[in-house]
Structure formats: structure tokens, C-alpha cells
Amino acid sequence: MIVHGGVFMAKKIIVTGGAGYIGSHTSVALQESGFDVVVFDNLSNSNISSLDGVAKITGTRPEFINVDCADFSALRSAFMLHRDAVGVIHFAAFKAVGESVANPTMYYRNNLNGLINVLDLMREFEIPNLVFSSSATVYGTPAVLPVTEQTPLQPATSPYGGTKVMGENIIRDTVHAYPQMHATLLRYFNPIGAHPSGLIGELPNGVPNNLMPYITQTAARIRPVLNVFGDDYDTPDGFCVRDYIDVNDLARAHVAALNYMLSGGDGVSVFNLGTGRGLSVMELVRGFESATGVPVPYKIAPRRAGDVPAIWADASLAERVLKWRADTPLSETLASTWRWQKNQSN
Ligand code: NAD
Ligand code: WQD
């Protein structure tokens, strides 16, 4: 809280990309923790109805500005209106790996120009704290599992991944040059799930690339069958292994990161955000079936180019420093995902 003339004011956070999947859940978590949320989004991969969901869940509709973060002068006008913010959570980015391979400059332009504009405007308006959406993709195919924040980064295998590696470096250099700025780089593993209310969730455009929405759309009979990419990996059951983290747990980690910086956390901090547990594709499919009682027809398909056989997080640093851990049971995550999918289908 900030006191203005005896009136308590909630601390304001700018959430770029706040109408999107992770941003809308984080807006809920922020508002439930007493922050005042302003969403900057150009709705290029989201729908404004997500903020109706946030409003229904929390009783407060975040202020919304339709703005392209890659457009400096438009973004500057938005920042000018909210120069009293104490922090920025920067989600706004394109995120489809395959699309980034097909159209690299679109990805570099959107993701890097957006970030650079945000950094310049935070400096101009003296907003000190940044939380950045990074990704486990920065680890490539790791030699040792689980990966810690010290695991060496590998050259990006897609332009999308490149924007995360470069984004992290741009932030490090900027904070180094302007020590009044602080940043937390959050490396998400595989976010899945929806709010337990079923009012907000992931809204993939067209045919989903990611496993979880493909499973729910197959269960809902929107897709006839799930293609399971590869059953001959060198993993316990032959299927790829990932660290699937509940989006509501992920959202809480952003609040923890902000509170950490607001209470003195300095410089640039980096945290893995995962459960610390690897699950195979088939374990997720079976887990979904047992959590919901709904069958998921699947067939084994060839390996997908570029897939890492196995990766999961050591998330103990976030637990020690941020006092955060991912603790939603998988069955609850899967039940919420299905509730959201059914609401969409209806
Ligand atoms: P999303 O597409 O649902 O949300 C991104 C939001 O940003 C959308 O609302 C979109 O309209 C907006 N946006 C994109 N470019 C913009 C621009 N130039 N100006 C304003 N708004 C813009 O994606 P998400 O899954 O919520 O991902 C959020 C962030 O987390 C992204 O940076 C993504 O790269 C990162 N991330 C996502 C995952 C994942 O699997 N979902 C994993 C690791 C990292
Ligand atoms: C998970 C597993 C597939 C779809 C991607 C990005 C990464 C990050 C998260 C942003 C793999 C298998 C999938 C299907 C399948 N995003 N699968 N059938 O590839 O781990 O990570 O999203 O930063 O950068 O690369 O996630 O959900 O696509 O795949 O068998 O129809 O599911 O082969 O083993 P991935 P995913």
C-alpha cells in the first residue's frame, strides 16, 4: 500500500499481455493479493472476454489499454497515464515455435522491440521492477536433469527461443547499466490448466500445437484423435517427459517475484518455475482420463522434429528465495482444464 493524503492506494502493476493465458491468471493473483492491475495488450492472441473472467473471479475489472508494445509512441502514451506503477510484468510476446521458424523477423520485431520499448519507458518513468516471461526453451536439450538456473544455456533452436535468450541478455545489460532497475527472469516449464472457476483458461488459435489443449479438444470431440509424437525415446516409458506446471501456481510466482523485488531483492534474479517432477506424454493422457473420466483417443505418430526427449526443473531456488512452490495436485489441474474446455464448447 502507498499512502496519499491519508488514503491507502494499492500498488499499481502494469501487466503487458495481461489478456492472454498466463497474464489473465496472473491478473487474478495480483488483484487477490491487493495490487492494482493495468493491462496493456493489443489482443493479437487473446480476447478481451478474458478480462470479464478476471472481473467475475475477483470482483474487479483491471483497467485495459489496447496498445501494441512494439509501437514506441503508443506505448509511451500508455505508460504516461500509469507512471505511478511500481512494476511491470512483461508477458506480451508471440509464442508459437513453428510460426517463429516460418516468420522469424515477425518474432524478433514483436518480442524484442516490445521488450526494448518497455525497458526504455520503465527507465524514463522511473518504474523500477520488471518481471520477464522467459522459458525452459533457453536450456535446449540439457545434458543433466533436472535443470537448475546454473545449467548452461544452449543456442536457441528456434527464433522464438532466440527471443527469450536475447531478451534475458538485453535485460541483464540494461539493469547493469541502470542499477536503480531490478528484474526477475522467470523460466516457465510447461504451463497447463485453467482457473478452478472455469472462467479463464487457454484459448489456442486454430489447431493447438501444445499437448494439453490438444488433449482437451480431443476429449471434447473437436479433434478426432491425439497424435502422440514418438514412443521410442530413451525415457522410462518411451514417451517424452516434461514438467507440467499449473497456471495458477505460475501466476502466484509472479506475485512472489514482485514482492521479493519490492522488499529489496536487487539486480537480476533468475528462477525456474516448474513442479520438479517430470511426466511423460502418456502419464498426462492417463492422468486426464482418470481425473475426468473422459477417454482421449490417441495414436502413436512419428517423433516431432525439434522435441527435447526429457526436461524438468529443479525449482528449489524459487522455493528458498521466493517462498513459492507449485502445489496444485495434478488431478485438480486437469479437472479445471476440462471445466474450462466444457465452458468453451458450450
Ligand atoms: P498468450 O499468447 O496467451 O498471451 C500473450 C499476450 O500478449 C496475448 O494476450 C497477446 O495478445 C499479447 N501480445 C502479443 N504481442 C503483443 C504486443 N506487441 N503488444 C501488446 N500485446 C501483445 O501467451 P501466454 O501463454 O500467456 O504467454 C505469456 C508469456 O509467457 C509469453 O511471453 C510467452 O512467450 C511466455 N511463455 C509461455 C509459455 C507457454 O507455454 N504458454 C511457456 C514459456 C514462456
Ligand atoms: C509437450 C509434449 C510433444 C502435442 C513448447 C515450447 C516451449 C514452451 C512450452 C513457450 C512433447 C508432445 C504435443 C501433440 C504430442 N513455450 N505432444 N502431441 O514442446 O515441451 O514446449 O511449449 O516458451 O518453448 O516449445 O510443449 O505442449 O508442444 O509438447 O505428443 O499433439 O507433448 O511431442 O513431448 P513443448 P508441447
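Each value in this text was obtained by applying a stated rule to the coordinates, not by laboratory testing. Note that the structure is a prediction, hence the values are computed from the model and not measured. Backbone-built Cβ (ideal geometry, glycine too); neighbour counts: all protein chains shown.
Restricting attention to the alpha-carbon atoms of segment 1-121, what are Rg (one decimal) and Dmax (integer), both in Å?
Gyration radius and largest Cα-Cα distance of segment 1-121: 14.9, 55 Å.
Please tell me the relative contact order of segment 174-315 in percent, rounded to the nearest whole number, where contacts are Cα pairs under 8 Å and at least six residues apart.
Over segment 174-315, the number comes to 37 percent.
R0 = 25 Å: FRET efficiency of HIS176 with ARG320, Cβ-based, nearest 0.05?
The value I calculate is 0.55.
Would you kindly calculate the translational diffusion coefficient of the chain, applying Stokes-Einstein with the Kirkwood radius from alpha carbon pairs, for 10 °C and a viscosity of 1.306 mPa s, and quote it in µm² s⁻¹ without decimals?
Here the translational diffusion coefficient equals 78 µm²/s.
Considering Cα pairs under 8 angstrom that are at least six residues apart, work out the relative contact order of the chain and quote it in whole percent.
18
Mind running the shape call on segment 87-161? Use the C-alpha gyration tensor, a ≥ b ≥ c as the square roots of the eigenvalues: rounded below 1.5 for a/c, prolate if a/b tops b/c, oblate otherwise.
Oblate, since a/c reaches 1.5 and b/c is not below a/b.
Dipole of the chain, Cα-centred, from +1 at each Lys and Arg C-beta and -1 at each Asp and Glu C-beta, to the nearest 20 debye?
Using Cβ point charges on Lys, Arg, Asp and Glu, the chain gives about 420 debye.
What three numbers, in Å, describe the spread of the alpha carbons of segment 18-59 along their principal axes, ordered from the longest?
28, 16, 14
For segment 160-275, which semi-axes, largest first and in whole Å, follow from the square roots of 5 times the eigenvalues of its Cα gyration tensor?
Over the Cα atoms of segment 160-275, the ellipsoid semi-axes are 34, 18, 14 Å.
What's the ranking of 315-321, 83-89 by average number of surrounding C-beta atoms within 10 Å, highest first?
83-89, 315-321
So if R0 is 22 Å, what FRET efficiency would SER49 and SER345 give, r being the distance between their Cβ atoms, rounded to the nearest 0.05?
E between SER49 and SER345, to the nearest 0.05, is 0.90.
Can you put LYS12, LYS95, LYS299 in order of Cβ neighbours within 10 angstrom, beginning with the fewest?
By the 10 Å Cβ count, ascending, the order reads LYS299, LYS12, LYS95.
Between helix 247-262 and the chain, what is the angle of the helix's C-alpha long axis to the longest principal axis, kept within 0 to 90° and rounded to the nearest 10?
Between the helix axis and the principal axis of the chain, the angle is about 30 degrees.
Mean separation of Cα pairs under 8 Å and 6+ residues apart, divided by the residue count of segment 235-322: what relative contact order is that in percent?
49
How high is the FRET efficiency from PHE125 to ASP232, r the C-beta distance, R0 45 Å, rounded to 0.05?
0.25
Tell me, ARG252, ARG286 in order of fewest to most beta-carbon neighbours within 10 Å?
Details: ARG252 25, ARG286 13.
Ordered by Cβ neighbours within 10 Å, fewest first: ARG286, ARG252.
What percent antiparallel are the DSSP beta bridges of the chain, to the nearest 5? Mind showing how you got there, number by number?
Numbers: 5 of 44 bridges.
Here the antiparallel bridges make up roughly 10 percent for the chain.
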